[in-house]
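The values are calculated or read from the model by the stated rules, or taken from the named source; none is laboratory data. Given the structure is predicted, the values throughout are model-derived calculations rather than measurements. Here the Cβ positions follow ideal geometry from the backbone for every residue, glycine too, while neighbour counts run over all protein chains shown.
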Amino acid sequence: MTINTDPNNRPYNEEAFRKTVQRRTIMSFVLFALFFAGIIGLRQWIISQPLDSGALRPFRNVLNANGDFFSHFSAPDKKAPAYTKAQAAKQARVNGNLGMDSELDPAGFRLKVVPFGKKDTMYFTMSDIRSLPHQDVIFNFKCIEGWSQVSHWGGVKLYDFLKKYKLGSRSLSTAPERDELSSLPDYVGMETPDHQYYVGLDMKSALHDQTILCYELNDRPLPAEQGAPLRLIIPTKYGIKHIKRLGTIFFSDVRPRDYWAEQGYDWDSSL
Ligand SMILES: Nc1nc2c(c(=O)[nH]1)N[C@H]1C(S)=C(S)[C@@H](COP(=O)(O)O)O[C@H]1N2
Ligand SMILES: [Mo]
């Protein structure tokens with residue numbers, strides 16, 4: 001007795017069975033080849049695309065879309081959690097020394113500021129900067145490499161500095177206001193004196209209450225390897241944005257170049 005498993009009760013036909021198997025084998029081979037060609041074609045297309053801020057355009061678009069999406073959740077006016085001095089590391093980590101080779105002359109130091117529209121460049125001494133109200137910032141410093149550390153910095157609010165010297169608005173006669181963001185230039189750019197390291201910031205984050213021009217670490221003068229005489233501390237963003245050895249500040253409606261964004265990292269780098 002034979003068991004016929006065909007529901008239509010057709011007799012078993014070896015020749016037909018072999019043909020079906022053969023046809024399916026060819027079909028799956030063709031589909032696989034098409035799929036493979038598609039992947040290779042896509043890859044060819046992607047690598048033929050132009051570079052945009054250091055990433056191939058399609059990847060940069062994904063990075064930008066990611067950044068735009070997540071910026072809705074991490075509002076730049078949100079405060080980074082505060083800590084006490086006792087919680088801060090006694091020995092703050094040192095990381096990164098790009099753009100820090102130029103000669104260090106704290107007495108001769110001038111912070112260069114180029115007002116919006118490249119109007120007359122202005123220069124500020126450390127005493128100009130120190131004359132503003134002192135501000136401590138104690139926060140959890142986070143590096144994209146994966147480490148974080150609570151550290152204690154001192155300086156003056158970038159906002160206070162820009163307000164006092166009427167910088168960062170579209171004209172030289174008005175001080176920037178936080179609640180008039182739409183009337184201000186969109187971005188702030190910062191570079192080391194030798195222009196080897198540079199960051200771009202959105203205006204809202206630059207004017208944030210915890211963003212400081214920093215000249216102290218643990219109540220003492222900022223050490224050279226941590227950015228003396230002046231660096232940026234911007235607790236709402238990853239370490240890459242905390243430029244050390246600050247030399248120049250400028251304002252723009254075009255996204256300023258950014259060292260790590262050119263290496264493929266998220267341009268915004270908000271926490
Ligand atoms: N000029 C300059 N600033 C810089 C860097 C750098 O290489 N050069 N590295 C950045 C990175 S990646 C980090 S994590 C922080 C580290 O600051 P720290 O040395 O005070 O820990 O500085 C940032 N600012
Ligand atoms: Mo970093």
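Screening Ser171 on (1) within 16 Å of ligand 1 (Cβ to nearest atom); (2) surrounded by fewer than 13 Cβ atoms within 10 Å (Cβ to Cβ) shows it passes everything except condition (1).
Annotation: Ser127 fulfils all but one of (1) more than 24 Å from the chain's Cα centre (by Cα); (2) in contact (Cβ under 8 Å) with a residue 24 or more places away in the chain; the unmet one is (2).
Out of Ile144, Ile138, which single residue is at negative phi and surrounded by 15 or more Cβ atoms within 10 Å (Cβ to Cβ)? Walk me through it before giving the result.
Values: Ile144 fails: surrounded by 15 or more Cβ atoms within 10 Å (Cβ to Cβ).
Residue meeting the stated conditions: Ile138.
Got a sec? Which strands (runs of 3 or more DSSP E) wholly within the stretch 208-271 have at least 3 residues that are under 17 Å from the mean Cα position of the chain (by Cα), near ligand 1 (Cβ under 10 Å from one of its atoms) and of a type outside the set (Phe, Trp, Tyr)? In the stretch 208-271, 231-233 are the strands (runs of 3 or more DSSP E) which contain 3 or more residues that are under 17 Å from the mean Cα position of the chain (by Cα), near ligand 1 (Cβ under 10 Å from one of its atoms) and of a type outside the set (Phe, Trp, Tyr). If you go through the stretch 172-226 and pick out every residue that is modelled with pLDDT under 95 and farther than 19 Å from Gly117 by Cα, you end up with 2.
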